Amino acid sequence: MENTFKDKVALVTGGSSGIGRATALAFTRKGAKVVIANYIENKKTVHMTDGELYRDNNEVEEWKIHDSVAQFEEFLLNQKWIAPDEILEMDHKIEKEIQNAVDFAESETWDPKEELTKFV
């Protein structure tokens, strides 16, 4: 077994099936400890992405209780596998990466609408 991710923890959302499951197995084969976060309701997977855009305030607050990232952070802290300052550092890195991706996407030129729908 290759140990590329030895002493690392991987959080895989949607890891109970499909690509998520394959990703979780791949991390395991590379030596990582894998935590799978999956929340299923009425046989469809649900998540918090931009929940404020399509959910009322009560529903958003209810989803925050089931937030897999927050639960994972709590788990890591309780296991003493990570310190609070490390979580903040990761959050800052993630925010920076997201902003870089947004900046890159917004700097690109847009094809005319007619071209985007030409083969649809």
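Some points to look at:
- Within region 56-102, the set of residues being of a type outside the set (Val, Ile, Thr) and touching a residue at least 12 places away in the same chain (Cβ under 8 Å) comprises Trp63, Lys64, His66, Asp67, Ser68, Gln71, Phe72, Glu73, Phe75, Leu76, Trp81.
- When every residue of region 94-101 is checked against the conditions, at least one turns out to be part of a helix (DSSP H, G or I), modelled with pLDDT under 85 and of a type in the set (Val, Ile, Thr).
- Residue within region 20-34 that is at pLDDT below 75, touching a helix residue (DSSP H, G or I) at 6+ places or on another chain (Cβ under 6 Å) and not aromatic (Phe, Trp, Tyr) present: no
- Checked against (1) assigned to a helix (DSSP H, G or I); (2) surrounded by 12 or more Cβ atoms within 10 Å (Cβ to Cβ); (3) modelled with pLDDT of 75 or more, Ala10 passes all but condition (1).
- Selection from region 66-120 of residues that are of a type in the set (Phe, Trp, Tyr) and surrounded by fewer than 10 Cβ atoms within 10 Å (Cβ to Cβ): Phe104, Trp110, Phe119
- Answer residue from region 62-93, given it is of a type in the set (Gly, Ala, Ser) and either closer than 21 Å to Thr13 by Cβ or part of a helix (DSSP H, G or I) (or both) and is farthest from the chain's Cα centre (by Cα) among those: Ala70
- Subset of region 35-57 that is within 19 Å of Glu73 (Cα to Cα) and among the hydroxyl-bearing types (Ser, Thr, Tyr) - its residue that is modelled with the highest pLDDT: Tyr39
- Residues of region 66-105 satisfying the condition of being of a type in the set (A, V, I, L, M) and under 18 Å from Val35 (Cβ atoms): Val69, Ala70, Leu76, Leu77, Ile82, Ala83, Ile87, Met90, Ile94
The values are calculated or read from the model by the stated rules, or taken from the named source; none is laboratory data. The structure displayed is predicted, hence computed values, not measured ones. All Cβ positions, even for glycine, are placed from backbone atoms using ideal geometry, and neighbour counts span all protein chains on display.
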